[in-house]
Each structure stands twice: as structure tokens, then as C-alpha cells.
Amino acid sequence: MITLSLQLLLAHIIGDFLLQPASWVAHKTQKKHRSPYLYWHTLVHAMVLAVLLRFDHQYLLGFLTIVCSHLAIDLTKLSLHQRFNERILFFADQIAHVTVIMLVVNYYEPLNIPAEAVFQPKVLLLIIGVLIVTVVSSIIMRVIITKWALEEDAYEDSLPHAGQYIGMLERLFVFGFIILQQWEVIGFLLAAKSVFRFGDLSKSKDRKLTEYILIGTLLSFGLAIVTGLAYNHLISLIV
């Protein structure tokens, strides 16, 4: 199962990313089903897939399923280009391709995952930890930080929701490093953030802005560290 999954995923990565120039993508987006590059792309993907499957006839049905579905998914994505956000379409497109691949793998080599494995305490605890350091922590920080709203922190001066996403990513990194017992990397991450923030602080003579940034940084790292420590403690009790 693993070998077949890797073969199909590798074929997808090579065909959809490595061997698809940006000029093809632009032409497909403009001309949609009238673009010859849409069909060239499908043919290239089919050739790569055939090579990685070593032209094994037992996978003929899976091969045809993946190639035909790839063309259908791409056509659907192109037809919806003007209606939906490009990022949403990109991820939906990739999820659809990978879903087809997994269905083909399951057809040849059925994957039986018992429900008990999904609802194990370890899995549930990990999901809870990830949600806490992302969604829950963002809400907690917003409730606390909004007490000190600053004029310098104008929304139009930064990318939309950039601070929220940066905070989520940094807490995920800290949470992951704590799980892996890599505390020294957390120090490096905090130092790196301080270097990037130094420009903001050096340009401002306002002490309030400095305190505002420090509170946000320490609160973000503190929430991630507490969550990581709690996870490690609880996971040791489960084991």
C-alpha cells in the first residue's frame, strides 16, 4: 500500500508541479477548455504516471481513473476561476486529486483503519493541543491585547490578518518543539522574532508600542509553552 501510494503521489507532484510551467497555467486560466496546454498537461501527467507504475497492466483501471479525473478536476477548477478565490480553488483542486489517489490505492490495497484508532486518547489530546495553540489562543490574546489598542497599530499598515496567522504559526512551532523536547530551538525562534521586530521598535519612540509588542510576544509564547507542557504531562499519564 505504501509503495503504491508513494508512486501515485510522486507522479502527481511531478506532473502537476515540476513539469507544468507557469505559462501553461496562465494560458489555461485564460482559455480554459480551449487551451491546448490543458490536454498537454494531462498527457504529461499520464506519461509520468505510466512510467512510475512501470506500465503494469494490473493498474490500468486506476491509471485511467486518475488521468480522467485529473482532467475533469482541472476543467472544473478552470470553470470556477471567476467565481471563487484562487487560493480556495488551489487547495480544493489538490485535495480532490489526492482524494482520487487515495481511493485508487484503497481499491487495489484496501486500507482498514478501525474507528478506535482515530478516537484514541493520544490522537484526541493532540487535536485539542493544536486547537488550543491556534484558535483558542488567538481568541484569548485578542481579548487581552484589545485592552491596549494603539493608534500606531493601524490595520491598513499591515497585511490583512497577518498578525493572527504569524501568531498561530509561531505557537504551532513552539508547541511542536516542546513535544519533541527541542527547547533550544524555541530560544532561537524567539531571538529571530526579536531581530525582525527590532526595526519596528527602533523606528518608534513610543514606549507604549514596545510594551505592546513585548506583551503580545510573551503571551503568545507563554500560551504555547503551557499547552506543550500540559500535553507532555498528560501524554505521559496515558502511556
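The values are calculated or read from the model by the stated rules, or taken from the named source; none is laboratory data. The shown structure was predicted, so the numbers you read here are calculated from the model rather than taken from an experiment. Accessible surface areas use protein heavy atoms only, side chains included; no ligands, DNA or RNA. Shrake-Rupley method; radii C 1.70, N 1.55, O 1.52, S 1.80 Å.
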Cα axis of helix 86-108 to longest principal axis of the chain: angle in degrees, 0 to 90, nearest 10? 50 degrees
Which of the three applies to region 41-146, rounded, prolate or oblate, going by the alpha-carbon gyration tensor with a ≥ b ≥ c and a/c under 1.5 meaning rounded? oblate
Can you work out ³J(HN,Hα) from phi for every residue in region 12-26, in order, using Karplus 6.51 cos²θ - 1.76 cosθ + 1.60 and θ = phi - 60°, giving whole Hz and x for Gly and Pro? 5, 5, 5, x, 8, 10, 5, 9, 10, x, 4, 5, 5, 4, 5
Hey, what's the chain come to in accessible area per residue, 1.4 Å probe, Å²? 66 Å²
Relative to the chain, whose Cα atoms define the longest principal axis, helix 162-179 and its Cα axis are tilted in degrees, nearest 10, by 90 degrees
Between [x] 23.8, 72; [y] 19.8, 62; [z] 17.5, 52, which entry matches Rg and Dmax of the Cα atoms in Å as derived from the coordinates of this structure? [x]
The chain, Gaussian network, Cα under 10 Å: of 32, 77, 147, the residue fluctuating most is 147
Can you give the angle from 0 to 90° between the axis of helix 207-238 and the longest principal axis of the chain, with both taken from C-alpha atoms, to the nearest 10? 60 degrees
Would you work out if region 65-124 is rounded, prolate or oblate? Take a ≥ b ≥ c from the square roots of the eigenvalues of the alpha-carbon gyration tensor; rounded if a/c is under 1.5, else prolate when a/b is larger than b/c, oblate otherwise. oblate
Given a 1.4 angstrom probe, I'd like the percentage of the accessible area of the chain that is carbon and sulfur, rounded to a whole number. 71 percent
